[in-house]
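Working notes, structure below.
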Amino acid sequence: CLTGYKLFSLTMVEKLDCIHESAETPDVYIVERLFSSSLVVVVSSAMPERMNIYHFKKGTEICNYSYPENILAVKLNRQRLVVCLEESIYIHNIKDMKLLKTLLNTPSNPSGLCALSITHSNSYLAYPGSFSTGEVVVYDTISLNTVTVIPAHDSPLAALTFNASATRLASASERGTVIRVFSVPEGLRLFEFRRGMKRYVSISSLCFSPDGLYLVSSSNTETVHIFKLEPLGPSAEDEAASWTAYMGKMFSAASTYLPAQVSGMMSQDRAFATVHLLSAAQRNVCTLAVIQKLPRLLVATAEGQLFIYNVDPLQGGECTLAFKHRLFGAEDEQSEGEPEGLEVPAQSCPSYAETAALPPSAPVTATLTGYSEDGGAKKGEVIPEHEFAAGPVCLDDENEFPPVSIQRS
Ligand SMILES: *[C@@H]1O[C@H](CO)[C@@H](O)[C@H](O)[C@H]1NC(C)=O
Ligand SMILES: *[C@@H]1O[C@H](CO)[C@@H](O)[C@H](O)[C@H]1NC(C)=O
């Protein structure tokens, strides 16, 4: 019987722990966890206008809020909780849930596309500035002012994500042919990545690596692409030249190591690394993480599988499957995988870990949220109700991955 949601802890590639399971709420379509805390926001299609906030360790409800229309997305960071409806955005102070600002009459955003940065120093929100073109509004949720409006694409936006320090914003449009990276707050176009093929695809997820050097994109096709954000300038060219000399022309022609400089912007025609999933049209969400000191690509599919790939940070190329987990659904394939090539001691301490929460019954939203290795049990221990009402949010997860979520577009 598949209802509710699950929270998982992933500290080792081969070990996936279910740290929380709630079967009480049917048809959950949004689950967002505040980093490694016990705060979880849940929206169910039984009451799509209401958001329930739980302390999942205690199993208690902290509060609930209702909005005039269906909730399409909820984003959280240490300072703000943002609720996105089709034509309005509500910005709450996460410490006391006070409503700070309502952005009314925002351009129609039927998929609830928006991104919230995760840094302490700022809290930027990005959302579509137009229904018909790919304009992005970057809004400062602290000063409650628009920072910049970026004409990012000609066609409407399909995906948005900030890097961890909110100095870069990546975007893709509904056509899915190019992915662009802009500087924040300036809004300058810095990188442009082409996925290789000209056919239109729908990009379903975009995510930077924790160090901001790589960007992963997944779509409705079977290919997941990882792009590398090469530094701009003479040093990059020198590096490229020596790399060419070393690897030979054949290799350089086939790789993405030599980005062309186009009027001050870096443009790449091929992905740095790729993964070919077993079947296309599996809705999925991707993230890049360091687990057991190695760079990994995680792909969670709407069918309930979590694939962990190893990424070669120097050579790129086709990523190798390291492990496969089942998050929900049929149990027969559980823990199947090829854990060879993991040249790390089992006891090594990972910098990152993953929580994946997927709504089992109606896979409309998939969430991958990073959090500290203790599963939120010791570090940054939770947000008790009284603290939630008055005091500061106590978290100890400085380098955590942002919560990302995707909606059916
Ligand atoms: C929502 O919150 C109110 C208090 O504000 C509480 O009485 C009610 O039980 C909550 N609803 C649910 C379904 O948890
Ligand atoms: C974000 O991008 C900036 C470039 O503006 C880079 O210096 C920084 O390392 C990136 N930060 C993270 C954490 O990705």
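The values are calculated or read from the model by the stated rules, or taken from the named source; none is laboratory data. All figures in this text were calculated on a predicted structure; none of them were measured in a lab. Please note: Cβ atoms are built from the backbone with ideal geometry, for glycine as well, and neighbour counts cover all protein chains shown.
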request  = Test VAL31 against the criterion of being touching a strand residue (DSSP E or B) at 6+ places or on another chain (Cβ under 9 Å), more than 12 Å from ligand 1 (Cβ to nearest atom), β-branched (Val, Ile, Thr) and farther than 23 Å from ASN109 by Cβ, and give yes or no.
outcome  = no
Filter the range 133-150 for residues that are among the hydroxyl-bearing types (Ser, Thr, Tyr) and part of a strand (DSSP E or B); the one that is surrounded by the most Cβ atoms within 10 Å (Cβ to Cβ) is TYR139
Residue set SER111, SER36; condition away from ligand 1 (no atom under 16 Å from the Cβ), under 30 Å from PRO295 (Cα atoms), part of a loop (DSSP other than H, G, I, E, B) and of a type outside the set (A, V, I, L, M, F, W, C); output residue SER36
Within the range 271-301, the residues that are part of a loop (DSSP other than H, G, I, E, B) and under 19 Å from THR161 (Cβ atoms) are ALA271, PHE272, ARG283
Within the range 271-289, is there a residue that is modelled with pLDDT under 90, surrounded by fewer than 22 Cβ atoms within 10 Å (Cβ to Cβ) and over 21 Å from the mean Cα position of the chain (by Cα)? yes
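Residues in the range 19-32: is at least one farther than 26 Å from ALA164 by Cα and aliphatic (A, V, I, L, M)?
Yes, there is a match, as at least one residue in the range 19-32 is farther than 26 Å from ALA164 by Cα and aliphatic (A, V, I, L, M).
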Note on the range 206-223: residues more than 17 Å from GLY316 (Cβ to Cβ), more than 16 Å from ligand 2 (Cβ to nearest atom) and in a strand (DSSP E or B) are SER219
From the option list TYR67, TYR5, TYR90, single residue qualifying as within 16 Å of ligand 1 (Cβ to nearest atom), of a type in the set (Phe, Trp, Tyr) and surrounded by fewer than 22 Cβ atoms within 10 Å (Cβ to Cβ) is TYR67
Does ILE118 meet the test of being in a loop (DSSP other than H, G, I, E, B) and closer than 22 Å to SER205 by Cβ?
yes
For this session: Restrict the check to the range 72-86 and report whether at least one residue is buried (at least 21 other Cβ atoms within 10 Å of the Cβ), without any contact (Cβ under 8 Å) to a residue 60 or more places away in the chain and within 13 Å of ligand 1 (Cβ to nearest atom).
Result: no
Output yes when any residue across the range 44-51 is away from ligand 2 (no atom under 16 Å from the Cβ), buried (at least 21 other Cβ atoms within 10 Å of the Cβ) and part of a strand (DSSP E or B), and no when none is. yes
Selection from the range 276-318 of residues on the phi > 0 side of the Ramachandran plot and either out of contact with any Asp or Glu (no Cβ under 9 Å at 6 or more places or on another chain) or without any contact (Cβ under 8 Å) to a residue 60 or more places away in the chain (or both) yields GLN292, LYS293, GLY304, GLY316, GLY317
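One line per residue, one yes/no per condition, for (1) among the small types (Gly, Ala, Ser); (2) buried (at least 19 other Cβ atoms within 10 Å of the Cβ):
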| position | (1), (2) |
| --- | --- |
| LYS95 | no, no |
| PHE131 | no, no |
| ALA152 | yes, yes |
| PRO156 | no, yes |
Here the residues within the range 80-101 that are assigned to a loop (DSSP other than H, G, I, E, B) and either over 21 Å from SER37 (Cβ atoms) or touching a strand residue (DSSP E or B) at 6+ places or on another chain (Cβ under 7 Å) (or both) are LEU85, GLU86, GLU87, ILE94, MET97, LYS98
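Tell me the residue from LYS75, LYS98, LYS57 that is basic (Lys, Arg) and over 30 Å from THR11 (Cα atoms), please.
Answer to the check: LYS98.
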Kindly indicate whether any position in the range 52-68 is closer than 27 Å to SER155 by Cα and out of contact with any Cys (no Cβ under 9 Å at 6 or more places or on another chain). no
